[in-house]
Amino acid sequence: MEKIPDGWTPIHTFDYDTFEKLAGPIYKPPQQVDGEQRYGFLVEKRHCNPYDMLHGGMLSTLADTLLGSVVYHATGGVPIATIYLNTEFISGAREGDWVEGCATLRKKGRRIVFTQGEFFAGEKLIATSAGAWTIIGA
């Protein structure tokens, strides 16, 4: 069984339960690189489907949260909403695997922001994702 990498901390430490906090915990590294975001989580039994494989819904939650974080930082934290998210499942992960994603900004327009990401279980690519977010009130 893998472990949470040293220095990684939960992304949400609020006093109330966010969806990501309930689904996770989802972790972030001690430092992020400009223009990209990285998040990860340790696959628990509750993240798996009846076949003991990581459930696509959990991977989609990570994708939406991670890619949305790229948009949040690119827009200076203004309110945003996901309008499109496509996740392609390539391979699987199991309980005990550390799943990590890296997402980058593709294009920032006046009203719409596009991002993309890749997700790995160890060295194995398990999914790719692309999405678009609208800037609310733009």
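The values are calculated or read from the model by the stated rules, or taken from the named source; none is laboratory data. Just so it is clear, the model here is predicted, and its values are computed rather than measured. Here Cβ is always computed from backbone atoms with ideal geometry, including for glycine, and neighbour counts include all displayed protein chains. Only protein heavy atoms, including side chains, enter the accessible area calculation; ligands, DNA and RNA are left aside. Shrake-Rupley method; radii C 1.70, N 1.55, O 1.52, S 1.80 Å.
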When you scan the stretch 11-26, do you find a residue that is over 16 Å from the mean Cα position of the chain (by Cα) and in contact (Cβ under 8 Å) with a residue 12 or more places away in the chain, even just one? no
*asked:* Based on this model, can you work out whether Val43 counts as open to solvent by 60 Å² or more (accessible area, probe 1.4 Å) and either over 20 Å from Arg111 (Cα atoms) or at pLDDT below 95 (or both)?
replied: no
Requested in this report: For the stretch 42-64, indicate whether the set of residues that are assigned to a helix (DSSP H, G or I) and closer than 14 Å to Phe114 by Cα is non-empty.
Outcome: yes
Being part of a loop (DSSP other than H, G, I, E, B), under 15 Å from Ile11 (Cβ atoms) and more than 11 Å from the chain's Cα centre (by Cα) narrows Gly92, Gly77 down to just Gly77
The residue that is surrounded by the most Cβ atoms within 10 Å (Cβ to Cβ), considering only those in the stretch 99-124 that are of a type in the set (A, V, I, L, M) and under 16 Å from Tyr39 (Cβ atoms), is Ala103
